[in-house]
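The values are calculated or read from the model by the stated rules, or taken from the named source; none is laboratory data. The model shown is predicted, which means the values in this text are computed figures rather than measured ones. FYI the Cβ positions are ideal-geometry reconstructions off the backbone, even for glycines, and counts take in every protein chain you see. For accessibility, only protein heavy atoms count, side chains too; no ligands or nucleic acids. Shrake-Rupley method; radii C 1.70, N 1.55, O 1.52, S 1.80 Å.
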Amino acid sequence: MLKKTLVVLLLLSATPSAHAAPVYVFPVANCEVNYARAHHDYAATDILAKAGCKFVAPINGVVDEVNRVDTWRSPPNLGITRGGLSVSIIGEDGVRYYGSHLRSIPLSIQPGVAVTAGRILGAIGATGSARGTSPHLHFGISWPTPPDTWWVRRGEVLPWKYLDAWKNGNDLSPAKAVAAMKAKVGEIPPEPKK
């Protein structure tokens with residue numbers, strides 16, 4: 001009987017476990033942060049933190065877009081350049097996570113690179129339209145779109161309830177909210193006038 005029990009235990013330990021639900025982490029690592037539950041005219045949030053704090057992947061995924069050049073000017077204050085240095089990933093949950101106003105981005109972060117939750121995507125700064133403001137991470141949640149669809153990439157789903165959950169170590173997925181918003185406004189809603 002003991003031998004049979006040992007065999008069963010060995011088999012159980014060798015059997016791969018079922019794939020667990022996505023694991024989320026807060027997108028700023030090892031720094032004190034502050035963020036509001038509001039944003040000026042679209043669904044996103046600014047996470048205030050010291051310059052150089054780490055922007056990390058909030059979930060396992062693949063790097064979608066990387067912008068290493070800050071071309072923003074005012075005027076003309078073009079929406080496509082407002083983010084300055086930025087990185088977006090497509091999470092294993094199908095959601096795009098976007099962070100901008102970065103000070104720097106590691107050379108290893110390139111489109112198509114697989115990342116795990118917690119991997120450094122960049123350092124918080126104040127590039128793009130954040131020049132002259134306190135360093136912060138503009139954080140947006142949306143669905144994947146073709147490149148240069150900046151008005152979706154910047155954020156379509158209010159992020160703070162997910163940020164609150166992840167900060168407290170809870171796995172709360174925005175996937176259903178993202179799918180619902182996409183169904184409501186369409187895959188590529190009209191570009192805003194401003």
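Under 11 Å from the mean Cα position of the chain (by Cα), modelled with pLDDT of 95 or more, crowded, with 23+ Cβ neighbours inside 10 Å and not β-branched (Val, Ile, Thr), is that true of Gly83?
No: the conditions fail for Gly83.
Pick from Gly112, Gly118, Gly155, Gly186: which is without any contact (Cβ under 8 Å) to a residue 24 or more places away in the chain and at positive phi?
Matching residue, one of Gly112, Gly118, Gly155, Gly186: Gly186.
Test of understanding: among Asn34, Asn30, Asn60, which residue is within 13 Å of the chain's Cα centre (by Cα) and not acidic (Asp, Glu)?
Working: Asn34 fails: within 13 Å of the chain's Cα centre (by Cα); Asn30 fails: within 13 Å of the chain's Cα centre (by Cα).
Answer to the check: Asn60.
Among the numbered criteria (1) without any contact (Cβ under 8 Å) to a residue 60 or more places away in the chain; (2) open to solvent by 40 Å² or more (accessible area, probe 1.4 Å), which one does Ala177 miss?
(2)
Of the residues in region 158-169, how many are open to solvent by 40 Å² or more (accessible area, probe 1.4 Å) and either in a helix (DSSP H, G or I) or without any contact (Cβ under 8 Å) to a residue 12 or more places away in the chain (or both)? Steps first, answer last, please.
From region 158-169, those open to solvent by 40 Å² or more (accessible area, probe 1.4 Å) are 158, 160-161, 164, 167-169; that's our starting set.
Remaining after also requiring either in a helix (DSSP H, G or I) or without any contact (Cβ under 8 Å) to a residue 12 or more places away in the chain (or both): 160-161, 164, 167-169.
The total comes to 6.
Modelled with pLDDT under 95, open to solvent by 80 Å² or more (accessible area, probe 1.4 Å) and under 21 Å from Ala117 (Cα atoms), is that true of His40?
Criteria not met by His40.
Confirm whether Pro27 is in contact (Cβ under 8 Å) with a residue 40 or more places away in the chain and open to solvent by 60 Å² or more (accessible area, probe 1.4 Å).
no
Search region 90-109 for residues that are at positive phi and pair each with any residue that is modelled with pLDDT of 95 or more and part of a strand (DSSP E or B) when their beta-carbon atoms are under 7 Å apart and the residues are at least 6 apart or on different chains.
Taking only residues 6 or more apart or on different chains, the pairs are His101/Gly125; His101/His136; His101/Leu137; His101/His138.
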